[in-house]
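Chemist: The following block contains the structure, expressed as structure tokens.
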Amino acid sequence: MLDLERIRSLVTGRRPGYSLPQALYNSPDVLAFDLEAIFGQSWILVGFTCEIPRPRGYLATTVGQSPVVVTRDRDGTYRAFHNSCRHRGAQVCADGAGARGRLTCPYHQWVYDLDGTLVHARHMPESFDPAEHGLRPVHVQNVAGALFVCLAQTPPSFARFREELEPLLAPHRLEEAKLAFQNTLVEKGNWKLVMENARECYHCGVGHPELCLTFPIEDASGGHFAAEGDPRHDAFAARIAAAGLARGPFIGPWWQVERFPLNEGQLSLTIDGALACKKLMVAGEEADIGSLRWAIEPHSFCHSTADTTVYFSAMPTATNETLVTCKWLVHQDAVEGVDYDIEHLTQLWNVTNIQDRDLVENNQRGVNSVGYLPGPYSESDESYVLRFIDWYCDKALDHIAARTGVDG
Ligand code: 3BY
Ligand code: FES
Ligand code: FE
């Protein structure tokens, strides 16, 4: 049983503008609460339609401790389900993607249709009703090829997010992409420390010498890239308009969507700033379009440049352990070794993610200290961290209020 009063007092007792009290970063009951109140109640970007490239297939992943499977049927309809067999609960599809017309549980071979219907269960009595034992549905949304799921019975409203993201993301044609590479890092740190680190560039100048070539770390620090009136901004804005693209920014309660310029002369978020893939994802010839940054609380950010989309997702697995998954998409017609090279495509984010892992693990060690006290965020350079922490606290208190029937 979660002690919601304890969590409520930790959250209400925090000092606004300061990092959180220690227990919110390192106690097992808070992790259990976060899985329920945050990961169980938010839209989670699980992947991309191009990971199920043909009709009849699935993409399975785990949200917190809950395996989820997204299916695509022959008509191209996407559905999502709890990936837990209605027999004795085994995970039906292993995490990853596959081409299948039906889903067979590996334990006793119950068979489900892609719409979740149980179609075969051996040796069950006459009285057994398969109709009552279909996979349990989960909410799913497809925005221009990006797949979001929500485990909550009543998910947060999605309409405004879709309205804001879709026109910016659609020109990147993710439906015509393919997954070129993905990997996962295990970070010995609480997921909130991983995300705080991912939401600021206060550490980038010293922490990420490679990223600094392409990524405008000074602009990024303030939370808004390339201010109006800056000549570099005006030239970028004109180029984007000529390419027929929108820029935003759109900052919602749980998202930030904005197209921003990379450093002068840099075309992609690669180790040398050169395009990672010769076949562009966006239509037209203009490659110098900066990056569309789309970041979603509680767990992800993506960068869509002219040639690639890179996905970053942080998923808690234990109090002090988070899996960071990175995916790189390129155009489906691009040929490895001809149009792109995996090392060149992935090197910058691989280097950056490892640097961030070390920073997060070091942060966790210090936060675990008996001497830890919450400290102040920089309003200018950690504005997105402030937003993330405020969002987390509001969401936590809303959930406690809903569970206890008392306002936080
Ligand atoms: O959120 C982002 O876009 C970036 C990526 C690198 C650092 N982080 C602030
Ligand atoms: Fe799936 Fe038995 S648990 S068939
Ligand atoms: Fe970083």
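Chemist: I'd like to know if the stretch 24-32 contains one or more residues that are at pLDDT 95 or above and in contact with a Pro (Cβ under 9 Å, 6 or more places away or on another chain). Let's see the steps before the verdict.
Modeler: Initial filter on the stretch 24-32 (at pLDDT 95 or above): 24-32.
Applying the additional criterion that residues be in contact with a Pro (Cβ under 9 Å, 6 or more places away or on another chain) yields 31.
Yes.
Chemist: When the stretch 87-97 is examined, which residues are found to be in a strand (DSSP E or B) and over 21 Å from the mean Cα position of the chain (by Cα)? Quick ask: steps written out before the conclusion?
Modeler: Of the residues in the stretch 87-97, the ones in a strand (DSSP E or B) are 91, 96-97.
Within the stretch 87-97, just Gln91 meets the criteria.
Chemist: Further question: Out of the residues in the stretch 194-203 that are near ligand 3 (Cβ under 9 Å from one of its atoms) and in a loop (DSSP other than H, G, I, E, B), state the one that is surrounded by the fewest Cβ atoms within 10 Å (Cβ to Cβ). Outline the logic, then answer.
Modeler: Initially, the stretch 194-203 is screened for residues near ligand 3 (Cβ under 9 Å from one of its atoms), giving 197-198, 200-201, 203.
From the residues that got through so far, the ones that are in a loop (DSSP other than H, G, I, E, B) too are 200-201, 203.
On the way: Glu200: 21, Cys201: 23, His203: 17.
Step by step, filter the stretch 194-203, then rank; the result is His203.
Chemist: Is there any pair with a first residue in the stretch 10-38 that is on the phi > 0 side of the Ramachandran plot and a second that is exposed (fewer than 15 other Cβ atoms within 10 Å of the Cβ) and part of a loop (DSSP other than H, G, I, E, B) whose Cβ atoms are under 9 Å apart and which are 6 or more apart or on different chains, and what are they?
Modeler: Gly17/Glu379
One line per residue, one yes/no per condition, for (1) within 9 Å of ligand 2 (Cβ to nearest atom); (2) in contact (Cβ under 8 Å) with a residue 60 or more places away in the chain; (3) not in a strand (DSSP E or B):
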| position | (1), (2), (3) |
| --- | --- |
| Arg79 | no, yes, no |
| Leu103 | no, no, no |
| Asp115 | no, no, yes |
| Val119 | no, no, no |
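Table: residues versus (1) without any contact (Cβ under 8 Å) to a residue 24 or more places away in the chain; (2) away from ligand 1 (no atom under 15 Å from the Cβ); (3) of a type in the set (S, T, N, Q); (4) surrounded by 21 or more Cβ atoms within 10 Å (Cβ to Cβ).
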{"site": "Leu348", "(1), (2), (3), (4)": "no, no, no, yes"}
{"site": "Asp356", "(1), (2), (3), (4)": "no, no, no, yes"}
{"site": "Leu359", "(1), (2), (3), (4)": "no, no, no, no"}
{"site": "Pro376", "(1), (2), (3), (4)": "no, yes, no, no"}
{"site": "Glu379", "(1), (2), (3), (4)": "no, yes, no, no"}
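Chemist: Can you confirm whether the stretch 190-201 contains a residue that is on the phi < 0 side of the Ramachandran plot, more than 16 Å from ligand 1 (Cβ to nearest atom) and of a type outside the set (A, V, I, L, M)?
Modeler: If we filter the stretch 190-201 for residues that are on the phi < 0 side of the Ramachandran plot, which is where we start, we get 190-201.
Still in the list and also more than 16 Å from ligand 1 (Cβ to nearest atom): 190.
Checking which are of a type outside the set (A, V, I, L, M) leaves us with 190.
Yes, the stretch 190-201 contains a residue that is on the phi < 0 side of the Ramachandran plot, more than 16 Å from ligand 1 (Cβ to nearest atom) and of a type outside the set (A, V, I, L, M).
Chemist: Right, next: Select, from Tyr311, Tyr377, Tyr340, Tyr384, the only residue that is under 23 Å from Pro171 (Cα atoms) and within 16 Å of ligand 3 (Cβ to nearest atom). Before the answer, list the steps.
Modeler: Numbers: Tyr377 fails: under 23 Å from Pro171 (Cα atoms); Tyr340 fails: within 16 Å of ligand 3 (Cβ to nearest atom); Tyr384 fails: under 23 Å from Pro171 (Cα atoms).
Result: Tyr311 is the single residue among Tyr311, Tyr377, Tyr340, Tyr384 that is under 23 Å from Pro171 (Cα atoms) and within 16 Å of ligand 3 (Cβ to nearest atom).
Chemist: Pull up the stretch 314-337, narrow it to residues that are of a type in the set (Val, Ile, Thr), crowded, with 22+ Cβ neighbours inside 10 Å and within 22 Å of Val63 (Cβ to Cβ), then point me to the one that is nearest to ligand 3 (Cβ to nearest atom). Show your work before the answer.
Modeler: So the first thing to find is which residues in the stretch 314-337 are of a type in the set (Val, Ile, Thr), and the list is 317, 319, 322, 324-325, 330, 335.
Applying the additional criterion that residues be crowded, with 22+ Cβ neighbours inside 10 Å yields 322, 324, 330.
Filter once more, keeping what is within 22 Å of Val63 (Cβ to Cβ): 322, 324.
Working: Thr322: 14, Val324: 11 Å.
Among residues in the stretch 314-337 that are of a type in the set (Val, Ile, Thr), crowded, with 22+ Cβ neighbours inside 10 Å and within 22 Å of Val63 (Cβ to Cβ), the one nearest to ligand 3 (Cβ to nearest atom) is Val324.
Chemist: Let me ask something else. Counting only residues that are part of a helix (DSSP H, G or I) and over 17 Å from Thr49 (Cα atoms), which one in the stretch 169-193 is farthest from the chain's Cα centre (by Cα)? Lay out the reasoning, then the answer.
Modeler: Of all residues in the stretch 169-193, those part of a helix (DSSP H, G or I) come to 169-172, 174-176, 191-193.
Applying the additional criterion that residues be over 17 Å from Thr49 (Cα atoms) yields 191-193.
Details: Trp191: 12, Lys192: 13, Leu193: 15 Å.
If we take residues in the stretch 169-193 being part of a helix (DSSP H, G or I) and over 17 Å from Thr49 (Cα atoms), then Leu193 is farthest from the chain's Cα centre (by Cα).
Chemist: From the list Ala60, Ala37, Ala90, which one is aliphatic (A, V, I, L, M) and under 25 Å from Gly145 (Cα atoms)? Walk me through how you get there before you give the answer.
Modeler: Details: Ala37 fails: under 25 Å from Gly145 (Cα atoms); Ala90 fails: under 25 Å from Gly145 (Cα atoms).
Of the residues listed, the single one that is aliphatic (A, V, I, L, M) and under 25 Å from Gly145 (Cα atoms) is Ala60.
Chemist: Still on this structure: Kindly indicate whether any position in the stretch 307-322 is at pLDDT 95 or above, within 19 Å of Glu258 (Cβ to Cβ), of a type outside the set (D, E, K, R) and not in a strand (DSSP E or B).
Modeler: yes
For every residue, the table says whether it meets (1) within 16 Å of ligand 2 (Cβ to nearest atom); (2) farther than 26 Å from Glu297 by Cβ; (3) assigned to a helix (DSSP H, G or I); (4) at pLDDT below 95.
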{"position": "Gly205", "(1), (2), (3), (4)": "no, no, yes, no"}
{"position": "Phe215", "(1), (2), (3), (4)": "no, no, no, no"}
{"position": "Gly223", "(1), (2), (3), (4)": "no, no, no, yes"}
{"position": "Ala227", "(1), (2), (3), (4)": "no, no, no, yes"}
{"position": "Ala238", "(1), (2), (3), (4)": "no, yes, yes, yes"}
{"position": "Gln266", "(1), (2), (3), (4)": "no, yes, no, no"}
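The values are calculated or read from the model by the stated rules, or taken from the named source; none is laboratory data. Just so we're clear, the structure is a prediction, and the values are computed from it rather than from any experiment. Neighbour counts are summed over all protein chains in view; Cβ atoms, including those assigned to glycine, are modelled from backbone coordinates with ideal geometry.
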